[in-house]
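Asks: Can you keep this structure in mind? I'll have questions shortly.
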Amino acid sequence: MKKLLLIPLCFSLFFTSCSDDEEEEVIPPVSVLDADMRGEWTNTSIKRTYYNFGDEVMYEDSVLRNANFRFDGKRMTVTLPGSAEKDVWNYEFPNNTDSTYIQLHQDTTSTDYTVTSISDTVMIWEDEIRWAGFPEDVPDDQKTTSRYGVYKWKFVRKK
């Protein structure tokens, strides 16, 4: 009789100790910037400036955004308000001499940025693209080509 009671007790202990929740791996920061970036941010705007061969501004515009970013030390997860879809990128700081340089990877795609400033509330990323075309919202065959375009992404820390 005691053996019959022991079997259900063992099963109940087994099922209560197992969990479907994934334990998040805690990754130590590789730099102060990495530690400061961790958490939830909202990308509120992108400012785009395009330059000619004389380094003069040819065209400038900006766009307001509302995209949510989560940095956990290894992954950057992007979600849009009202959407359940997640865009997940791995990130790293590969340059030991420049901790502001961040690389993003997703499948075979890789892109890089420079974190130009960060505080408790605001973070700015910059990307420079050679031969960038503008305006952004027209087909490629209707764009004007610049010598380079500078894109500044503004993030605000979520409370």
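The values are calculated or read from the model by the stated rules, or taken from the named source; none is laboratory data. Every value quoted in this text rests on a predicted model; they were computed, and no experiment measured them. Here Cβ is always computed from backbone atoms with ideal geometry, including for glycine, and neighbour counts include all displayed protein chains.
Asks: Would you confirm whether any residue within region 111-132 is surrounded by 16 or more Cβ atoms within 10 Å (Cβ to Cβ), farther than 19 Å from Gly73 by Cα and either modelled with pLDDT of 95 or more or of a type in the set (D, E, K, R) (or both)?
Replies: Checking region 111-132: at least one residue is surrounded by 16 or more Cβ atoms within 10 Å (Cβ to Cβ), farther than 19 Å from Gly73 by Cα and either modelled with pLDDT of 95 or more or of a type in the set (D, E, K, R) (or both).
Asks: Next up: Filter region 110-159 down to the residues that are touching a Gly at 6+ places or on another chain (Cβ under 6 Å) and outside any strand (DSSP E or B), then identify the one that is nearest to Leu33 (Cα to Cα).
Replies: Here the residue is Ala132.
Asks: For the list (1) of a type outside the set (D, E, K, R); (2) in a strand (DSSP E or B); (3) under 18 Å from Tyr59 (Cβ atoms), I need the number of the one condition that His105 fails.
Replies: That leaves (3) as the condition not met.
Asks: Right, something else. Restricting the first residue to region 83-99 and requiring it to be on the phi > 0 side of the Ramachandran plot and β-branched (Val, Ile, Thr), which pairs with a second residue that is assigned to a loop (DSSP other than H, G, I, E, B) and at pLDDT 95 or above meet a Cβ separation below 6 Å and a spacing of at least six or different chains?
Replies: The qualifying pairs do not exist here.
Asks: Further, regarding this structure: Got a number for residues in region 40-56 being in a strand (DSSP E or B) and farther than 27 Å from Met76 by Cα?
Replies: Within region 40-56, the subset in a strand (DSSP E or B) is 40-51.
Narrowing further to those that are farther than 27 Å from Met76 by Cα: 50-51.
Count: 2.
Asks: Do we have any residue at all in region 81-102 that's under 13 Å from Asn43 (Cβ atoms) and modelled with pLDDT under 95?
Replies: yes
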